[in-house]
Amino acid sequence: MTPRRWNDDMTAYVTTDWLERRLGDPDVRVLEASIAKQTYGEAHIPGAQWVDSHGDLLRNGDDSSGHILTPLQYASLMRRLGIAPETTVVWYGDRHSVYAIRGFWTMDAYRHAGAVHVLEGGRERWLAEGRPTVAEAPSFAPTLYPLPGAAHDGNRATWERVRDAIDAPPSVVLDVRSRGEHEGTDVRAARGGRIPGAVHLEWTDAAAGDNVLKPAHELRAMYEARGVTPDREIITHCQLGMRAVHTWFVLKHVLGYPNVRNYDGSWQEWGNRPDTPIER
């Protein structure tokens, strides 16, 4: 299969038909990252392996930090899942595929050489269409996935970059948390509130249904009405960089915005630092 080109946004989504035709292909790995492992155990796509949204995809393995995996953690995960550098990987899940997209974003940051995709419609669409499922977990031999260098920062933002984006017209900080979190009434760190000047649009505002996005023209109008335009650098954030990565995907891979970054430290870092500005 053709290796993924990291500037080719058309490769991000694949359909349920596309994936069903490739079930059993030894060059394809299917990974489920959903809310609960119980649902995976009850029924999952044949050949799909379970990836824990926090334990496998967050550096500390829990909600104490949203930072991306270290190079060693990333390589270890790929080895355990039987993924080689040239393997095609398809991520899927529920809850608007948010955890699956975090997996996609992680492999993007480490520049996986093979194709990487997200299943359009996720787990919900696969089940609704009556496509095949199994309860048994597959087993694959581990690989010798090479240790990568540092994660590429083209789609990531550090807290310093966020700080520099405040009151900088070329940039927009986009807060996709709930309204209570944004207004400081729902406090999930040492301090509550928002990054000064941040635009607020909750991440689920992009959804038209269960793991279904609004049409592209509606999405574009919604974001542009709040000053989130493709000519600006957009930095998304939430609490752990998980909900925000969904918005990153919508802007970059659905709407084609060229310069979008996910602040993976997000409010867990910003709200717990004593030296970052906050407004309420």
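Quick notes on this one:
- Each part reduced to its alpha carbon centroid, segment 122-199 and segment 260-280 end up 13 Å apart.
- Net charge in the neighbourhood of TYR40 (other residues with Cβ under 14 Å of its Cβ; Lys, Arg +1, Asp, Glu -1) is -4.
- Dimensionless Rg over Rh [segment 169-280; C-alpha; Kirkwood]: 0.96
- Ranked from largest, the principal axis spans of the Cα set of segment 155-210 equal 35, 27, 18 Å.
- Kirkwood Rh in Å, taken over all unlike Cα pairs in segment 235-280: 11.1 Å
- Cubic angstrom per residue, convex hull over Cα atoms of segment 9-128: 101 Å³
- Derived scalar couplings ³J(HN,Hα) [segment 264-280; Karplus, 6.51 cos²θ - 1.76 cosθ + 1.60; whole Hz; x for Gly, Pro]: 6, x, 6, 5, 4, 7, 4, x, 9, 7, x, 10, 9, x, 9, 10, 10
- Proximity of backbone amide H atoms, modeled 1.01 Å from N, is registered between TYR145 and ARG79 at under 5 Å, excluding neighbours fewer than 5 places apart on the same chain.
- Compactness of the chain, expressed as Rg and Dmax over alpha-carbon positions, Å: 18.3, 53
- Shown for ARG273, ARG261: other C-beta atoms within 10 Å of each C-beta, ranked fewest to most, produce the order ARG273, ARG261.
- 3J(HN,Hα) along segment 186-191: 10, 9, 10, 8, 4, 10 Hz, from the Karplus curve 6.51 cos²θ - 1.76 cosθ + 1.60 with θ = phi - 60°, whole Hz, x for Gly and Pro.
- D by Stokes-Einstein for segment 94-249, Kirkwood Rh over Cα pairs, 20 °C, 1.002 mPa s: 121 µm²/s.
- Environment charge at HIS200 (Cβ cut-off 14 Å; Lys +1, Arg +1, Asp -1, Glu -1): -1
- Degrees between helix 71-80 axis and first principal axis of the chain (Cα, 0 to 90, nearest 10): 30 degrees
Where a number appears in this text, it was derived from the coordinates with a stated rule and is not lab data. Predicted model only: the values in this text are computed from it and were never measured. Every residue, glycine as well, gets a Cβ built from its backbone with ideal geometry; the counts of neighbours run over all protein chains shown.
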